[in-house]
There are 2 protein chains.
Amino acid sequence: VILTVTLNAALDVTYHVPALQVGTAHRVPTMDERAGGKGVNVARVLHALGEPVVATGLVGGSTGSEIRALLSGEQVRHSFVDITARSRRTVVVADGAGATGLWEPGPTVAPSEWAAFVRHFTALLKVSQVAVLSGSLPLGLAPDAYGQLILLARQAEVPVILDADGPALLAGVAAGPTLVKPNAHELATAAGVDTVTDVPAAIGAAEVVRAGHSTDLVASLGPNGIVACTSAGRWHAAPAEPLTGNPTGAGDACVAALARGIAYRLPWPVRLADAVGLSAAAVASPVAGSVSLADFARLRRTVTIREL
Amino acid sequence: VILTVTLNAALDVTYHVPALQVGTAHRVPTMDERAGGKGVNVARVLHALGEPVVATGLVGGSTGSEIRALLSGEQVRHSFVDITARSRRTVVVADGAGATGLWEPGPTVAPSEWAAFVRHFTALLKVSQVAVLSGSLPLGLAPDAYGQLILLARQAEVPVILDADGPALLAGVAAGPTLVKPNAHELATAAGVDTVTDVPAAIGAAEVVRAGHSTDLVASLGPNGIVACTSAGRWHAAPAEPLTGNPTGAGDACVAALARGIAYRLPWPVRLADAVGLSAAAVASPVAGSVSLADFARLRRTVTIREL
């Protein structure tokens, strides 16, 4: 199976209102709730593709119970470790015009809870083909928490993907993951440059970040597709035309494709075409982060791959 | 004890953000959660005054569990009936400039759940001096649900206060509660007039609403204080000067004072001075719906009472 790790899992709540107006009260006629957090979203996409996947991480409190129940309802397998503090909710207020987000502060993880997770993760690695580590670290964890998990995966000879930003990304890269997947902003920050706006800049920044490590790097550049700097070569993959839609979840769809590519040892151009096609399907989806397999099949055919 | 009934209890969540901007994402650095719903707020004010009170009503799901736990944490006695559907949350986004509210849809109550509540309420009436029925009716209940509870209270010879609006108010008045407490807007709607902007208009509308019933009526007119049309006379009570602050919970504080006035058979001018003073203390409070006893004592002295 592919193992996804979400240390700061969330209950994603969407309030649908006709028009959000600051300073007034709104009755919310309809609302959706979904298990969330980047690793959970990766697991959902892999499940939609028919891939065996297990979502793990940390959940707590009543929100944690709801996260578990919602994943069970979707038939996404999960095996989270309980924490005392309550998992966060993310509230998105969607009106016709756009989305307004409110991210609750996350829980604080106790040292004993982290130790319990490390043991749990070590056990799950024994049945995993690939491990995916995604998203922010909750309070209470050291910046090198992902680094610790990456070392465990390496010891278990399980390829490991890291999708994080800031100090968690830098500390993770130092532990030598198989692959990191920053977006343009995260890549620029990690490389110590102001912005990464085009493919040559992305290549340059990627080589700075992975210097001294055997880590492959795939950077997602939004409408400009993705750039891969790997030990096997460099590529740029892009959709035929920039898509409009909801970019939420496109990065997680990209990671899902890359994890599957590693699990099946697919050639890099295949992995990258999958990654761009799946991201494009996520952008085209009316529901943030979900993908239609028909969209994926259609959009994947339009991807152009260029070796650099 | 004073019994407060909240059929549509809520978990009141407040997100504190520096500035809410539509269309963008916000990290919420601090948030508060509190048990809510108008009857719960009445119970909290009575508890702050040192009055024996029991909060009852309907709660369900994980939100319902949190409502119970939060009331227990405040030492407010409660005895709710469980429903299957989940209690609603109200989300208020507070920034420096104001408050933006998002009211989740409430639960739907099954007929058997309503029957269970009626039995529970009947039992609680045996130990109650006054019953207070407050707030909106959840889906699944008949518009005369409050009317049914009022008839039970009358049969038990327990004075009963109704604070509701729309059809629930009209159907409730038909059952002959001891007292109703509409605000100006609710009073106008119930009387079938456009607006109630001054004291004479409030008196006229009040007499239309209570015509044919022995029900006393106290209308809260916001900064203009309150008007009472009762079998013992008519009064206008107002603070020395209009207060600025958070009007949330002022109506519930008013109802708390009126319930206490009935429980102790206080003279009407005393009840009304308490009601205005307690409402003013709620408006002056930095935390919506809470009251400081020092504010209450200070503001109560400034209230002017005029018999009409």
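The values are calculated or read from the model by the stated rules, or taken from the named source; none is laboratory data. If you're wondering where the values come from, they're calculated on a predicted model, not measured in any experiment. As a convention, Cβ positions derive from the backbone with ideal geometry for all residues, glycine included, and neighbour counts pool all protein chains shown. We work out accessible area using only protein heavy atoms, side chains counted, and drop any ligands, DNA or RNA first. Shrake-Rupley method; radii C 1.70, N 1.55, O 1.52, S 1.80 Å.
Of note:
- With respect to the conditions (1) open to solvent by 10 Å² or more (accessible area, probe 1.4 Å); (2) away from every other protein chain (no Cβ under 13 Å), A:Asp32 lacks only one, and its number is (2).
- Residue list for the stretch A:273-308, restricted to those being among the hydrophobic types (A, V, I, L, M, F, W, C) and touching a Gly at 6+ places or on another chain (Cβ under 6 Å): A:Val276, A:Ala282, A:Val283, A:Ala284, A:Ala288, A:Phe296, A:Leu299, A:Val303
- Top-ranked residue in the stretch A:108-143 [being among the polar types (S, T, N, Q) and in a loop (DSSP other than H, G, I, E, B); ranked as least open to solvent (accessible area, probe 1.4 Å)]: A:Ser128
- Subset of the stretch B:198-222 [closer than 21 Å to B:Glu241 by Cβ and in a helix (DSSP H, G or I)]: B:Val199, B:Ala202, B:Gly222
- Within the stretch A:250-305, helices (runs of 4 or more DSSP H) holding 2 or more residues that are within 16 Å of the chain's Cα centre (by Cα): A:250-263, A:268-284
- Looking across the stretch A:223-248, the residues that are assigned to a strand (DSSP E or B) and on the phi < 0 side of the Ramachandran plot come down to A:Ile226, A:Val227, A:Ala228, A:Cys229, A:Thr230, A:Arg234, A:Trp235, A:His236, A:Ala237, A:Ala238.
- Scanning the stretch A:225-245 for residues that are surrounded by fewer than 17 Cβ atoms within 10 Å (Cβ to Cβ), farther than 19 Å from A:Ala297 by Cβ and in contact with a helix residue (DSSP H, G or I) (Cβ under 7 Å, 6 or more places away or on another chain) turns up A:Ala232, A:Gly233, A:Pro242.
- Candidates B:Ala94, B:Ala115, filtered to the one that is more than 9 Å from chain A (Cβ to nearest Cβ) and within 30 Å of B:Thr244 (Cβ to Cβ): B:Ala94
- Filter pass, A:Pro177 being crowded, with 17+ Cβ neighbours inside 10 Å and part of a loop (DSSP other than H, G, I, E, B): yes
- Some residue of the stretch A:78-87 being within 14 Å of chain B (Cβ to nearest Cβ), open to solvent by less than 60 Å² (accessible area, probe 1.4 Å) and more than 21 Å from the chain's Cα centre (by Cα): yes
- Qualifying positions in the stretch A:180-199 - among the acidic types (Asp, Glu) and open to solvent by 60 Å² or more (accessible area, probe 1.4 Å): A:Asp194, A:Asp198
- If the condition is being touching a residue at least 60 places away in the same chain (Cβ under 8 Å) and in contact with a helix residue (DSSP H, G or I) (Cβ under 7 Å, 6 or more places away or on another chain), then the stretch A:119-135 contributes A:Phe121, A:Leu125, A:Gln129, A:Val130, A:Ala131, A:Val132, A:Leu133, A:Ser134, A:Gly135.
- Within the stretch B:27-55, the set of residues being assigned to a strand (DSSP E or B) and in contact (Cβ under 8 Å) with a residue 12 or more places away in the chain comprises B:Thr30, B:Met31, B:Asp32, B:Glu33, B:Arg34, B:Ala35, B:Gly36, B:Val53, B:Val54, B:Ala55.
- Among residues of the stretch B:246-265 that are buried (at least 21 other Cβ atoms within 10 Å of the Cβ) and modelled with pLDDT of 95 or more, none has a beta-carbon under 6 Å from a residue that is hydroxyl-bearing (Ser, Thr, Tyr) and in a loop (DSSP other than H, G, I, E, B) at least six positions away or on a different chain.
- Scope the stretch A:157-168; condition open to solvent by less than 50 Å² (accessible area, probe 1.4 Å) and in a helix (DSSP H, G or I); matching residues: A:Gly166, A:Ala168
- Selected residue [of a type in the set (A, V, I, L, M, F, W, C), buried (at least 23 other Cβ atoms within 10 Å of the Cβ) and more than 14 Å from every other protein chain (Cβ to nearest Cβ)] from A:Leu7, A:Leu11: A:Leu7
- Residue within the stretch A:144-156 that is open to solvent by less than 20 Å² (accessible area, probe 1.4 Å), outside any loop (DSSP other than H, G, I, E, B) and under 20 Å from A:Val270 (Cα atoms) present: no
- Residue selected from the stretch B:270-308 under the condition basic (Lys, Arg) and out of contact with any Asp or Glu (no Cβ under 8 Å at 6 or more places or on another chain), by the criterion surrounded by the fewest Cβ atoms within 10 Å (Cβ to Cβ): B:Arg301
- Qualifying residue in the stretch B:200-207 (condition: at positive phi and crowded, with 20+ Cβ neighbours inside 10 Å): no
- Any hit, the stretch B:41-53, residues being within 14 Å of chain A (Cβ to nearest Cβ) and open to solvent by 10 Å² or more (accessible area, probe 1.4 Å): no
- Restricting attention to the stretch A:184-197, the residues being touching a residue at least 24 places away in the same chain (Cβ under 8 Å), part of a helix (DSSP H, G or I) and among the hydrophobic types (A, V, I, L, M, F, W, C) number 3.
- Any chance A:Gly23 is more than 16 Å from the chain's Cα centre (by Cα) and within 10 Å of another protein chain (Cβ to nearest Cβ): yes
- Condition check for B:Thr24: open to solvent by 20 Å² or more (accessible area, probe 1.4 Å) and either aliphatic (A, V, I, L, M) or free of Cβ contacts under 8 Å to residues at least 12 places away in the same chain (or both): yes
- Matching option when the condition is in a helix (DSSP H, G or I) and surrounded by 15 or more Cβ atoms within 10 Å (Cβ to Cβ), among A:Leu71, A:Leu58: A:Leu71
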